[in-house]
């Protein structure tokens, strides 16, 4: 394993971690979502995705930690980052650093959650190219959410910043000092979540999706994973929710501020470029996805109309949003489908 730090054009320090077992013509890059990190791909309590890919013949696997990562302090500070920043600055910098080490070998990307949304923005927006294949888990270019999530998106950003007085939400609020705002918010959320006794799990359901729990099925997680859920998910800057809200209302990925000159090179309509994109995309979603619902089913329909036969859809029975990668049996139920797609696109 080796760690490779680098910086984006707008001055943020990011990093890549390389897991190299053997030289190969095909490199795999793994991208996390908001509030998580590359830790989600290297969990020791189950057969994780990095080891599965290495065992499956992909001997050079990389994970990226970009500005959405819980490993960095960015989301516990007041900021106004959006997914436009990630698409414009982070993913191009990630690939530039990756290419510096692997040259012109084929690069395949597996992206999750808002890492998937932002990477498809980069790819379909022309900020990155040369991707051999892409797997998008849970959501891609057409974010849709349950009704309760729509309500939270409408009120939570302003409520958190200007009423509660906190610019971010953190699963660890349950560990805050007694009677602080964070502690009281955690206790209020837990009143509505009697499905388990892990307060971080309750907060995560408040942060994402609609359900008890919302982000995964308890039955799909190893007990060790559930017990340390606050280690795997970190703070989330609430301004990102404003961008998600705008996308949900539009029914597709859009820029947060179409008039911002920093993002002038990104298109106003990312789906409009779908007929020109030659990268095959596999859209995955659990049939119990309570975070982004049927987003990837909708996206596959749109991409199929734009480029018939190029893209694929995989609906995972019994899985939700996060457990398709962090679940104790994901190596039996999910990862083989990923590996099959990658191998077919590596030839």
Item to complete: Return yes when residue 105 is surrounded by fewer than 24 Cβ atoms within 10 Å (Cβ to Cβ), closer than 21 Å to residue 239 by Cβ and in contact (Cβ under 8 Å) with a residue 40 or more places away in the chain and no when it is not.
Response: no
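Going residue by residue through region 312-322, is there one that turns out to be buried (at least 24 other Cβ atoms within 10 Å of the Cβ), touching a residue at least 12 places away in the same chain (Cβ under 8 Å), in contact with a strand residue (DSSP E or B) (Cβ under 7 Å, 6 or more places away or on another chain) and under 21 Å from residue 134 (Cβ atoms)?
Of the residues in region 312-322, the ones buried (at least 24 other Cβ atoms within 10 Å of the Cβ) are 319-322.
Then keep just the ones that are touching a residue at least 12 places away in the same chain (Cβ under 8 Å); that gives 319-322.
Filter again for in contact with a strand residue (DSSP E or B) (Cβ under 7 Å, 6 or more places away or on another chain), leaving 319-321.
This time we only want the ones that are under 21 Å from residue 134 (Cβ atoms), so: 319, 321.
Yes: one or more hits.
Per-residue answers, yes or no, for (1) in a strand (DSSP E or B); (2) farther than 19 Å from residue 45 by Cβ; (3) at pLDDT 95 or above:
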position	(1), (2), (3)
284	yes, yes, yes
292	no, yes, yes
324	no, no, yes
344	no, yes, yes
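Say whether the condition of being within 26 Å of residue 41 (Cβ to Cβ) and either touching a helix residue (DSSP H, G or I) at 6+ places or on another chain (Cβ under 9 Å) or outside any loop (DSSP other than H, G, I, E, B) (or both) is met by at least one residue in region 176-191.
The answer is no; no qualifying residue exists.
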Item to complete: Have a look at 122, 15, 118 and point out the one that is closer than 29 Å to residue 222 by Cβ and buried (at least 24 other Cβ atoms within 10 Å of the Cβ).
Response: 118
Worksheet item: From the list 101, 91, 108, 79, which residue is assigned to a strand (DSSP E or B) and either within 17 Å of residue 15 (Cβ to Cβ) or touching a helix residue (DSSP H, G or I) at 6+ places or on another chain (Cβ under 9 Å) (or both)?
Response: 108
Item to complete: Test residue 66 against the criterion of being crowded, with 24+ Cβ neighbours inside 10 Å and either closer than 22 Å to residue 117 by Cα or modelled with pLDDT of 95 or more (or both), and give yes or no.
Response: yes
Discussion item. Any residue at all in region 289-299 that's under 19 Å from residue 128 (Cβ atoms), assigned by TED's automatic domain parsing to the domain that holds residue 131 and free of Cβ contacts under 8 Å to residues at least 40 places away in the same chain?
Written reply: no
Worksheet, complete the sentence: residue 171 passes all but one of the listed conditions (1) modelled with pLDDT of 95 or more; (2) out of contact with any helix residue (DSSP H, G or I) (no Cβ under 7 Å at 6 or more places or on another chain); (3) more than 30 Å from residue 336 (Cα to Cα); the exception is number (2)
Worksheet item: Just checking, how many residues over region 224-269 are within 16 Å of residue 114 (Cα to Cα) and without any contact (Cβ under 8 Å) to a residue 24 or more places away in the chain?
Response: 2
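The values are calculated or read from the model by the stated rules, or taken from the named source; none is laboratory data. Source: prediction; values computed, not measured. When we count neighbours, we look across all protein chains shown, and the Cβ atoms used for this are built from the backbone with ideal geometry, even at glycine.
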